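Here is the structure we will look at, set down as structure tokens.
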Amino acid sequence: MSYVDGFVLAVPNANKQAFIDFANTFDTLFMEFGATRVVECWGDDVPAGKQTDFMRAVQCKDDETVVFSWIEWPDKATRDAGMEKMMQDPRMDPKTNPMPLDGARMIFGGFRPVIDIK
């Protein structure tokens, strides 16, 4: 069964195109290292909740938008190997390719699908 990495992050609105360019660069690396699909979604209808919400989860500021992303892998072993390659790849060096967002506020995790309706 497949494996999914999920991400929620806040991106400054002024950096939208920089984020898209950054994601295009790094998402192709995920594909190179075994991912089967990468999706980046710019927030469009992200309501404020009464107890919690996406904005509070990443401390989204007024001039930022929540981004929801995921990477699909064929299995966890491929994901683990792919992530290890990503972390060792010199193209990931933040000195030469800085993220156009505050990575400290990104939340992420790996998930095993339990339902997959197509």
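Worth a mention:
- Tally of residues being open to solvent by 100 Å² or more (accessible area, probe 1.4 Å) and assigned to a strand (DSSP E or B) across the range 34-72: 1
- Of the residues in the range 93-101, at least one is farther than 18 Å from Gly6 by Cβ and touching a helix residue (DSSP H, G or I) at 6+ places or on another chain (Cβ under 7 Å).
- Leu101 being in a strand (DSSP E or B) and more than 25 Å from Ile117 (Cβ to Cβ): no
- Residues within the range 10-33 that are part of a helix (DSSP H, G or I) and closer than 18 Å to Thr78 by Cα, tallied: 7
- Candidate set from the range 92-118 (those that are more than 21 Å from Thr28 (Cα to Cα) and open to solvent by less than 50 Å² (accessible area, probe 1.4 Å)); member that is farthest from the chain's Cα centre (by Cα): Pro113
- Every condition in (1) open to solvent by 50 Å² or more (accessible area, probe 1.4 Å); (2) touching a residue at least 12 places away in the same chain (Cβ under 8 Å); (3) assigned to a helix (DSSP H, G or I) holds for Asp80 except the one numbered (2).
Table: residues versus (1) over 25 Å from Tyr3 (Cα atoms); (2) in contact with a strand residue (DSSP E or B) (Cβ under 6 Å, 6 or more places away or on another chain).
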residue: Glu32; (1), (2): no, no
residue: Val39; (1), (2): no, yes
residue: Gln51; (1), (2): yes, no
residue: Ile71; (1), (2): no, yes
residue: Asp75; (1), (2): no, yes
residue: Ile107; (1), (2): no, yes
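The values are calculated or read from the model by the stated rules, or taken from the named source; none is laboratory data. What you see is a predicted model, and the numbers here were worked out from it, not measured in a lab. Here Cβ is always computed from backbone atoms with ideal geometry, including for glycine, and neighbour counts include all displayed protein chains. Quick note on the areas: whole protein, heavy atoms, side chains included, nothing else; ligands and nucleic acids left out. Shrake-Rupley method; radii C 1.70, N 1.55, O 1.52, S 1.80 Å.
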